[in-house]
Amino acid sequence: MAGAPHGHGHPHTHGHPHTHESPHTRAPLPHRLAHLLRPHSHETADKLDSALESSARGMRALWVSLVVLGVTALAQAVVVAVSGSVALLGDTVHNAADALTAVPLGIAFVLGRRAATRRFTYGYGRAEDLAGLVIVLTIAASAAFAGWTAVARLLDPRPMEHIPVVAVAALIGFAGNEWVARYRIRVGRAIGSAALVADGLHARTDGFTSLAVLASAAGAALGWQLADPVVGLAITAAIVLVLRDAAREVFRRVLDAVDPALVDRAERALRDVPGVREVGELRLRWIGHRLRAEVAVVVDGEATVRQAHAIAVDAEHALLHAVPRLTAALVHADPAPVAGEADPHHALAHHMTA
């Protein structure tokens, strides 16, 4: 959204967020003429379609991976029942937990489609961050369970049965998890979902833990009875490592962290806008897997309200082109300072935080 030069921190919005089109495509002539007559009337629908499409891709990734991991975990559970392998048990539980993380993420994507309300004025996109926290807790719980079962088996060693079947189950687990990991990470990065990327990293670690189960089967075949619980502890350590990475990714998103390169990119785009003399405070934040921006730009102090508003709209337009997954920008226009003139924001100084 764009604002004319009102008091700092209280921008006046035009209320018509709009979507940028690809520089490689142009709308049909009637559509462009309509844009000239009503510059922003069609944009809200365009943005809604984009948001729904990204959420739909996320949902599709979740349900496809749920089916693949569910089948994988079911096959492994059958082998666990006949072999008694705690390493495979840990891998199976982790696969099942990974499949079930589709539930909170699916709920988050569905909520994210809902329109903003007077209570939730930014919409429900932050539900995705809550889903990310649930995923982190799920990974932590699976690590605790895998570690506990491995320690219990160390204290009470038992021989592994049906070793060749365990090896086949391990290979199935690796193949299923690696496919799901690649799929989730690719879609998560495409739509900007930190929670879905974290879930993909979770699945990738599951794949490597499945290979560890293969190592435990090899050790048991060679007569090393402690191979199974030792590998179970190694699997626990691997889960803890992915827990660290996933927690860092999700907690950064919860705290509104963004890539500093995005901020640099946005500033460069704003400085190239005709009429923008300088870029003041610039803030970006994720709401689900979409970005919003707030920025103050300095314009000619003699500009009329209409001229300042036009510059603000151009600045928003430039941001929408420059910053991937940005859906709206609130642009506040400040007049360029004049020697001897009082700071127009002085009345707000006592409201500013240190």
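What ranking do F174, F251 get, fewest neighbouring Cβ atoms within 10 angstrom at the top?
Placing the least packed residue first, the sequence is F251, F174.
A56 versus V338, label points 7 Å from Cα toward the beta carbon: distance in nm?
Between A56 and V338, the simple spin-label model gives 5.4 nm.
Please give the FRET efficiency for R118 paired with A77, using the beta carbon to beta carbon distance and R0 = 51 Å, rounded to the nearest 0.05.
E(calc), rounded to 0.05, equals 0.60.
Taking amide hydrogens as modeled 1.01 Å from N in the peptide plane, which residues meet the under 5 Å criterion relative to L291, leaving out close sequence neighbours?
Here L326, T327 satisfy the definition.
Need the C-alpha centroid separation for segment 66-124 versus segment 148-202, integer Å.
First find each Cα centre; the distance between them is then 12 Å.
What does DSSP give for segment 228-350 in terms of the percent of beta bridges that are antiparallel, rounded to the nearest 5?
45
Expressed in nm to one decimal, what extension gain is obtained for the pair V110 and F251 from 0.36 nm per residue of sequence separation less their Cα-Cα distance?
48.6 nm
Report the GluC sites (Glu not before Pro) located in segment 258-322 that are in a DSSP loop and have at most 10 other Cβ atoms inside 10 Å of their Cβ, or state none.
E302
Only the coordinates and a few stated rules stand behind these numbers; no lab work does. It should be emphasised that the depicted structure is a prediction, and the values quoted were computed from it without experimental measurement. Cβ sites come from the backbone with ideal geometry, for glycine too, and all protein chains shown count toward neighbours.
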